[in-house]
Amino acid sequence: MTEARVSIVIPAYNEGEAIGPVLDRIFEAVRLPCEVLVVVDSEDDSTIPAVLEYAVKEPRLLHLVNTYGRGPANAIRYGINAATAPVAVVTMADGCDDARQIDDLTRLVERGVVVAAASRYMAGGQQVGGPMLKAQMSRLAGRSLRMMAHVGTRDATNSFKAYSTDFVRRAGIDSRDGFEIGLELTAKARRLRLPVAELPTIWLDRQSGVSNFQVASWIPKYLRWYFFAFGRRLTADQLRVKAARKEV
């Protein structure tokens, strides 16, 4: 196969056959050489048989069993660490994200940004469906971070982002539980004074299944990285020291 320009990381949890249409849209939309890594927490996850069947016709598709611990944060960490491409795009298994934007997000990173965000809250972006409280909190966090912390995107909390894999491996990922990695890496890019850019996206609430996002239990985890974005410039060494001391 042609060497991948983008590794598409999909954390999944018991999606079963529902992963099929999501993979269809990705392989139809993405024109750049890619690999698609579906990451699950255990060998008995119902997503695996569907991925194995799909992979018979699509050799760019792999499933990975995360060994870092359960949960989406660990699945994303595992997937990015396994990525072979210089750019990693994280997208969800529920089909909410617009796969047509993966190529454009990848090209932004190739041009020099370390985080390219798909933004629901900029001109041309939209969120359709989903819990109202979650949407309002996310919008408020995104706008305030852009205006006051100058993070480079209006949608720091969205998980649908492209990253320089070199940046992620240098900055590290300290989240261990939820979907706050998108905010964490945006905040770290800001503290390192590295470039972040955004493109508008239309996010559609999942049409089947039940979301695993639990607003109340994960608010403290988001607040941790929200406040971290407001701070003086750090070097990569200083960031690593802070992480080792659990000061981030």
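The values are calculated or read from the model by the stated rules, or taken from the named source; none is laboratory data. This one's a predicted model, so the numbers in the text were calculated from it and none came from an experiment. Quick reminder, even Gly has a Cβ in these numbers, built from the backbone with ideal geometry, and neighbours come from all protein chains shown.
Side notes on the structure shown:
- Pairs are defined by a Cβ separation below 6 Å, a sequence spacing of at least 6 or placement on different chains, a first member in segment 130-148 that is on the phi < 0 side of the Ramachandran plot, and a second member that is in a helix (DSSP H, G or I) and surrounded by fewer than 16 Cβ atoms within 10 Å (Cβ to Cβ); the pairs so defined are Lys134/Val215.
- When residues of segment 161-190 are limited to those that are over 11 Å from the mean Cα position of the chain (by Cα), within 23 Å of Arg232 (Cβ to Cβ) and of a type outside the set (A, V, I, L, M, F, W, C), the one surrounded by the most Cβ atoms within 10 Å (Cβ to Cβ): Lys188
- Tally, over segment 26-49, of residues that are in contact with a Cys (Cβ under 9 Å, 6 or more places away or on another chain) and of a type in the set (A, V, I, L, M): 1
- Among the candidates Arg77, Arg146, the residue that is closer than 14 Å to Glu198 by Cβ, out of contact with any strand residue (DSSP E or B) (no Cβ under 7 Å at 6 or more places or on another chain) and part of a helix (DSSP H, G or I) is uniquely Arg146.
- Exactly one residue among Leu52, Leu32, Leu23 is in a loop (DSSP other than H, G, I, E, B), more than 19 Å from Phe179 (Cα to Cα), of a type in the set (A, V, I, L, M, F, W, C) and at pLDDT 95 or above, and that residue is Leu32.
- Flag if Tyr68 is more than 13 Å from the chain's Cα centre (by Cα), hydroxyl-bearing (Ser, Thr, Tyr), part of a loop (DSSP other than H, G, I, E, B) and buried (at least 16 other Cβ atoms within 10 Å of the Cβ): yes
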